[in-house]
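Q: Here it is, the structure in full.
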């Protein structure tokens, strides 16, 4: 029988909102509920006390927390794990990171004893950045999961009635919300789109799409609490990101609520999302085609697709795999 679980120190920074903040909190709460002792600390000198008490350090992100985990692990002789949420090469390209930062990251990541990736694509991206494959003993893939009740599929709209489309996420360049506005212009007038979220692109998007707002085909809803982000009248949830590290939490929440979602055919999404929920490409016309095709699918096929997504991202598997990784790391 396994002994008592090791004490875990979660090193986290930044706001606790958004997908990464949500899934980190989910892991924190899940470990606590399973009887684990878990401390949370920001990656600065005051993390020293929590790190000293821990049996294993978990950097909840591959930048600031990873730097802190390396320093604390070296100083205290503690095992440490780095959780990678995004495809590193795409993230660094989007940020136009300085060559000096890239060199530092390569030096650091070559010394990480154990990684957890949210998808095989995220693992491949970091391996491409390093220039070599990681041994399986150092690289674990654990798809994200949420503890949510599963609702049955919502009924499709009657033919010719208003079709309510929704988006939940940052209005930022990497999420490409402008693709959805361009897509809306290609759909018939009875299609409406609600954008839930805020971000640096909002003002420009509102100006560009003022005609759609005036005709009530488009609504900027601002940020909402997670529990109320998905509207009860939505027929489809849409994604349009340039890249993803895994299946976004907004897609998992939509599937659990019985709302089909549509996304571009990104590598990370192709791992766990059935083809019928993926657009043939990432352009507005291809997204518009996917919207109409999914609405025309038989309900049993759509339900089966959502069930498949939720099965690949099942909470028990997520919790068990994480506990195994943390036990193994602490024993090394």
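Q: State the number of residues belonging to segment 230-247 that are under 18 Å from residue 148 (Cα atoms) and surrounded by fewer than 23 Cβ atoms within 10 Å (Cβ to Cβ).
A: Qualifying residue count, segment 230-247: 3.
Q: Turning to a different aspect of this structure: Determine if segment 205-218 includes at least one residue that is within 24 Å of residue 303 (Cα to Cα), surrounded by 20 or more Cβ atoms within 10 Å (Cβ to Cβ) and either in contact with a helix residue (DSSP H, G or I) (Cβ under 7 Å, 6 or more places away or on another chain) or in contact (Cβ under 8 Å) with a residue 40 or more places away in the chain (or both). Walk me through how you get there before you give the answer.
A: Kept after step one, since they are within 24 Å of residue 303 (Cα to Cα), are these residues of segment 205-218: none.
No, segment 205-218 contains no residue that is within 24 Å of residue 303 (Cα to Cα), surrounded by 20 or more Cβ atoms within 10 Å (Cβ to Cβ) and either in contact with a helix residue (DSSP H, G or I) (Cβ under 7 Å, 6 or more places away or on another chain) or in contact (Cβ under 8 Å) with a residue 40 or more places away in the chain (or both).
Q: Let me ask another. Confirm whether residue 82 is part of a loop (DSSP other than H, G, I, E, B) and in contact with a strand residue (DSSP E or B) (Cβ under 7 Å, 6 or more places away or on another chain).
A: Numbers: part of a loop (DSSP other than H, G, I, E, B): no; in contact with a strand residue (DSSP E or B) (Cβ under 7 Å, 6 or more places away or on another chain): yes.
Spelling it out, it is not the case that residue 82 is part of a loop (DSSP other than H, G, I, E, B) and in contact with a strand residue (DSSP E or B) (Cβ under 7 Å, 6 or more places away or on another chain).
Q: Also, I was wondering about something else. Looking at residue 139 and the list (1) in the same structural domain as residue 32 (by TED's automatic domain parsing); (2) free of Cβ contacts under 8 Å to residues at least 60 places away in the same chain; (3) closer than 20 Å to residue 240 by Cα, which single condition is not satisfied?
A: So residue 139 meets the others, but not (3).
Q: With the requirement that a residue be assigned to a loop (DSSP other than H, G, I, E, B), touching a residue at least 60 places away in the same chain (Cβ under 8 Å) and either surrounded by fewer than 21 Cβ atoms within 10 Å (Cβ to Cβ) or at positive phi (or both), what does segment 258-290 give you?
A: Within segment 258-290, 258, 271, 272, 282, 283 qualify.
Q: Still on this model: Pick from 168, 196: which is out of contact with any helix residue (DSSP H, G or I) (no Cβ under 7 Å at 6 or more places or on another chain) and buried (at least 20 other Cβ atoms within 10 Å of the Cβ)?
A: The conditions single out 196.
Q: Now for a different question. Which one of these is under 30 Å from residue 328 (Cβ atoms) and not in a helix (DSSP H, G or I): 137, 219, 156, 145?
A: 145
Q: Could you grab me the full set of residues in segment 291-306 that are buried (at least 18 other Cβ atoms within 10 Å of the Cβ), over 21 Å from the mean Cα position of the chain (by Cα) and over 19 Å from residue 191 (Cα atoms)?
A: Across segment 291-306, the qualifying residue is only 302.
Q: Output the number of residues of segment 25-56 satisfying the condition of being at pLDDT 90 or above and in a loop (DSSP other than H, G, I, E, B).
A: 6
Q: Okay, next question. Can you find a residue that is touching a residue at least 60 places away in the same chain (Cβ under 8 Å), in a loop (DSSP other than H, G, I, E, B) and either in the same structural domain as residue 258 (by TED's automatic domain parsing) or surrounded by fewer than 19 Cβ atoms within 10 Å (Cβ to Cβ) (or both) anywhere in segment 108-124?
A: Yes; the residues of segment 108-124 include at least one that is touching a residue at least 60 places away in the same chain (Cβ under 8 Å), in a loop (DSSP other than H, G, I, E, B) and either in the same structural domain as residue 258 (by TED's automatic domain parsing) or surrounded by fewer than 19 Cβ atoms within 10 Å (Cβ to Cβ) (or both).
The values are calculated or read from the model by the stated rules, or taken from the named source; none is laboratory data. Just so we're clear, the structure is a prediction, and the values are computed from it rather than from any experiment. Reconstructed Cβ throughout: ideal geometry from the backbone, glycine too, with neighbour counts over all protein chains shown.
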